[in-house]
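**Q** Questions regarding the structure given below will be posed in turn.
The values are calculated or read from the model by the stated rules, or taken from the named source; none is laboratory data. Here the structure is a predicted model, which is why all the values come from computation and not from measurement. A quick note on method: Cβ atoms are made from the backbone with ideal geometry, for glycine too, and the neighbour counts reach across all protein chains shown. Accessible surface areas use protein heavy atoms only, side chains included; no ligands, DNA or RNA. Shrake-Rupley method; radii C 1.70, N 1.55, O 1.52, S 1.80 Å.
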Amino acid sequence: MTSEELKPRGLLIVVSSPSGAGKTTLCRRLIEEFSDIVFSVSYTTRPMRRGEEEGIDYHFIDEPTFSRMIEEGEFAEWAEVHQHRYGTTAEAVKQALEGGRHVLFDIDYQGGRQIKAKFEKEAILVFVLPPSLTELEARLRKRATDAPEAIERRLKKAHEELKQYGLYQYLIVNDDLPRAYERLRAIYLAAQCALDRMGPVAERLVKEAESQAQAALPSKDGDGPKG
Ligand code: ADP
Ligand code: 5GP
């Protein structure tokens, strides 16, 4: 077994929801709590919003640059969402996985579908539901980061997005934020213990446990463990 095979594989945690349901808020909390998760900073042609920073929230690029990146095969996934294009580079995913980190994606269902198809073993797909469409609208208006027409577009799209839940493995209703976060956290922690994702690492862990048990066994002459 190579040392590569003995490292646990990184997880690709995909979190999607209709705009305004709270996925960015939930994702930020997860990254703050767990330093071994890297946020996948997407590329987008959307204009920067108040309070956003280049390279932190997104890499903000123009349409020709986005088209060139598609042609050169740089994206692991990309999609058009709310009249702008968004994409995740294959290099970012590869670097994180090779570095033994987990990667968190705040992407839409079209991207979720592509990540699921390409990285079936590593992907964990989480869909965040708003408690109601009325509450979704209230959150978008309160967030006040989008123009009224953009809010209307996002609300119309919400119906289409909600229909995509079947693609996902986990569903979280974000009614009460602390409760919703506890669920996301639990999904992340449980995924790290899933045997089917561990591969040869599981065997190593069992062997280590066995060898420690051997060391702790009493010796034949009944002296008990040494040292
Ligand atoms: P998304 O990333 O899904 O578009 P955000 O994380 O930006 O959504 O959340 C939309 C707005 O709703 C933000 O102003 C956020 O502070 C607020 N919000 C998130 N979760 C809750 C919640 N459980 N209850 C009330 N407001 C929330
Ligand atoms: P926003 O403009 O509100 O930041 O994001 C709009 C939508 O685009 C959200 O649903 C968000 O998850 C999605 N999105 C952000 N980055 C990507 C990406 O790289 N790929 C895909 N497919 N969707 C993305």
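**Q** Restricting the search to the stretch 23-42, which residues are without any contact (Cβ under 8 Å) to a residue 60 or more places away in the chain and open to solvent by less than 50 Å² (accessible area, probe 1.4 Å)?
**A** Hit for the stretch 23-42 is Val41, nothing else.
**Q** Continuing with this model, one more query. Residue by residue through the stretch 32-54, note down the ones that are closer than 23 Å to Ala150 by Cα and not in a strand (DSSP E or B).
**A** Once the filter is applied, which keeps residues that are closer than 23 Å to Ala150 by Cα and not in a strand (DSSP E or B), the stretch 32-54 yields Val41, Thr45, Arg46, Pro47, Met48, Arg49, Arg50, Gly51, Glu52, Glu53.
**Q** Here's a follow-up. For the stretch 14-31, give me the residue count where each residue is within 13 Å of ligand 2 (Cβ to nearest atom) and in a helix (DSSP H, G or I).
**A** Step one: list which residues in the stretch 14-31 are within 13 Å of ligand 2 (Cβ to nearest atom), which gives 14-28.
Pick out the ones that are also in a helix (DSSP H, G or I) and you get 23-28.
Number of matching residues: 6.
**Q** Right, next: If a residue has to be open to solvent by 60 Å² or more (accessible area, probe 1.4 Å) and within 19 Å of the chain's Cα centre (by Cα) to count, how many in the stretch 81-99 make the cut?
**A** 4
**Q** So, Glu63, is that one free of Cβ contacts under 8 Å to residues at least 24 places away in the same chain, within 10 Å of ligand 2 (Cβ to nearest atom) and in contact with a strand residue (DSSP E or B) (Cβ under 8 Å, 6 or more places away or on another chain) or not?
**A** no
**Q** Something else: Check Pro64 against each of (1) in contact with a Phe, Trp or Tyr (Cβ under 8 Å, 6 or more places away or on another chain); (2) open to solvent by 20 Å² or more (accessible area, probe 1.4 Å); (3) modelled with pLDDT of 95 or more and name the one condition it does not meet.
**A** (1)
**Q** Moving on. Only one residue in Val126, Val93 is modelled with pLDDT under 95, within 14 Å of ligand 2 (Cβ to nearest atom) and in contact with a strand residue (DSSP E or B) (Cβ under 6 Å, 6 or more places away or on another chain), so which one is that?
**A** Working: Val126 fails: modelled with pLDDT under 95.
When all the criteria are applied, what remains is Val93.
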